[in-house]
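A short write-up of the structure that comes next.
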Amino acid sequence: MAKDLTRDRQLAGHRPVHLTVGRERVILVGGYRPGDLATGEEPLEELERLADTAGAHVIAKVVQRMREIHPGTYIGRGKAEEIADLAKREKCRCVIFDHDLTPSQTRSLEEVIEGKVVDRTDLILDIFASRARTRMAKVQVNLALAEYRLPRLRRLWTHLEKQEGGIGMRGGAGERQIETDRRMLGKQIRDLKNELAQIQARKERMVRARQGEHFLVSLVGYTNAGKSTLMRALTGEDVSVNDQLFETLDTRTAALKLGGGLQALLSDTVGFIRRLPHHLVASFHATLEEARSADLLLHVVDLSSPLAREQMAAVDEVLRDVGCGGKEVLHVFNKTDRVHGDQEIEAGLLQHEYPGAVRISALHRQGLDRLRAILRERARTCAAPVKLSVYAGDGKALAFIATHFFEEGREADGDWITLRGRATAPVLERLRTFGDTVRILDRLPEPRTW
């Protein structure tokens, strides 16, 4: 399916990822112990959506109930041989597992099946690689790919000359010297980490520049929960809203009008998923800088999903991993238009557990006025009372005040306008730069940053 960016001979260039996803025929396999599946979870349902997103054509699904993981083949040799027979009958050369496999398990399974074996992490990495657009996203994906490949060099070295591109195989023929490969890959990992550190530093400076003058809101949530649809509905930003997993990979930020001329900044972030590969979580710290710096996280939840609770827990876990565990969160229960019948009972229970959550349908723009009002009030309470006197002829100062000052009243007196309202300390500092045309009459208590 893919051109292996990590096997690029010009390592210093780190050329962009270009994946070509074909409709590869695949078999999905899941081996589950008691407790592995959440209540109401259909085996392989999420894996099938991932495979479809990657461009695969699922021809069969195999589910194995087991007491323990087989150390050699994960599912046991007998079941592996059954899958091998099925693959031969269906003329299928690729099997995707709903688990993370060790390099030795992958090699053993490929020997039995006589085809390509792809695990869950490999599949997700392929999807991320195909969606990377900006330089930052490409570097992050490349780093995750390289770190994933490092312990699997022997498997790739053995097979790359035998198989063409497809899911889980990002490259052409490999060198015969595995140690050469390891040194090359190690150098690439170091180079990518250095470049990512520089990108992260620039990103932090950019986000810090936004802080103070604007209330920063970041959308977080499970993949396909409707974050991008909500982003478009609230800001009018032309973001992609296709019904696919990991549709958004690169963070986008746009102005969010709160009413009365005031605006916040709203950022859309990459969606999370259960059992998100560790390398991706680590690599995507830069992408999630908006979430770490946000004044408020909007945790968007697909209320129509029978696994809403499990998905919320998965998002909370990733947020803790990336340093957002202590952030203020407002839960937004999306897709209420899809909640019917018995689903209303579970939705009601969830609403009872999260009484402050806002129910909306981003697609049909239902509940957005209430959400916007809540965001405005959250932003307002972060500011402190203040009185200003502004020269009526200073259009620039008045324009800035219109979008940054929570006005509660005004009085005109000749060429001067007295304003009562709320502002943060950084906004007041900016107002001082206008000179004699803006006077801060009183402010108590001291305003704080957002």
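The values are calculated or read from the model by the stated rules, or taken from the named source; none is laboratory data. Source: prediction; values computed, not measured. Virtual Cβ from ideal backbone geometry, glycine too; neighbours counted across all protein chains shown.
Observations on the structure shown:
- Of the helices (runs of 4 or more DSSP H) lying entirely inside region 42-146, the ones with 1 or more residues being of a type outside the set (K, R) and farther than 25 Å from L288 by Cα are found at 45-53, 77-89, 103-113.
- Checking each residue of region 209-228 against the condition of being surrounded by fewer than 16 Cβ atoms within 10 Å (Cβ to Cβ) and modelled with pLDDT of 90 or more gives no match.
- Only one of A129, A87, A144, A137 that is in contact with a strand residue (DSSP E or B) (Cβ under 7 Å, 6 or more places away or on another chain) and within 19 Å of F246 (Cα to Cα): A129
- Any hit, region 386-397, residues being within 19 Å of A255 (Cβ to Cβ) and either at pLDDT 90 or above or within 31 Å of the chain's Cα centre (by Cα) (or both): yes
- Matching entry among A60, A84 (being farther than 19 Å from T106 by Cα, in the same structural domain as A129 (by TED's automatic domain parsing) and among the aliphatic types (A, V, I, L, M)): A60
For every residue, the table says whether it meets (1) buried (at least 20 other Cβ atoms within 10 Å of the Cβ); (2) closer than 30 Å to K203 by Cα.
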{"position": "A87", "(1), (2)": "yes, no"}
{"position": "I96", "(1), (2)": "yes, no"}
{"position": "T102", "(1), (2)": "no, no"}
{"position": "E114", "(1), (2)": "no, no"}
{"position": "V118", "(1), (2)": "yes, no"}
{"position": "L123", "(1), (2)": "yes, yes"}
{"position": "A129", "(1), (2)": "yes, yes"}
{"position": "T134", "(1), (2)": "no, yes"}
{"position": "Q140", "(1), (2)": "yes, yes"}
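- Looking across region 180-231, the residues that are in contact with a strand residue (DSSP E or B) (Cβ under 9 Å, 6 or more places away or on another chain) and among the basic types (K, R) come down to R210, K227.
- Every test in (1) surrounded by fewer than 17 Cβ atoms within 10 Å (Cβ to Cβ); (2) modelled with pLDDT of 90 or more is passed by A173 save one, and that test is (2).
- Residues that are farther than 15 Å from L262 by Cβ and loosely packed, with under 15 Cβ neighbours inside 10 Å within region 370-408 comprise R370, A392, G393, G395, K396, listed in sequence order.
- Residues of region 322-361 satisfying the condition of being under 23 Å from the mean Cα position of the chain (by Cα) and among the polar types (S, T, N, Q): N334, T336, S361
- Tabulated pairs, region 426-441, first of a type in the set (K, R), second surrounded by 18 or more Cβ atoms within 10 Å (Cβ to Cβ) and in a strand (DSSP E or B), C-beta under 8 angstrom, 6+ apart or interchain: R432/V438; R439/L388; R439/V390
- Within region 362-390, residues that are of a type in the set (S, T, Y) have Cβ atoms under 9 Å from residues that are part of a strand (DSSP E or B) and surrounded by 14 or more Cβ atoms within 10 Å (Cβ to Cβ) in these pairs: T381/R422; S389/W416; S389/I417; S389/T418; S389/L419; S389/V438; S389/R439, counting only partners at least 6 apart in sequence or on another chain.
- In region 49-68, the residues that are within 18 Å of I83 (Cα to Cα) form Cβ pairs under 6 Å with partners that are modelled with pLDDT under 90, at six or more places apart or across chains, as follows: A56/E24; A56/I167; H57/R23.
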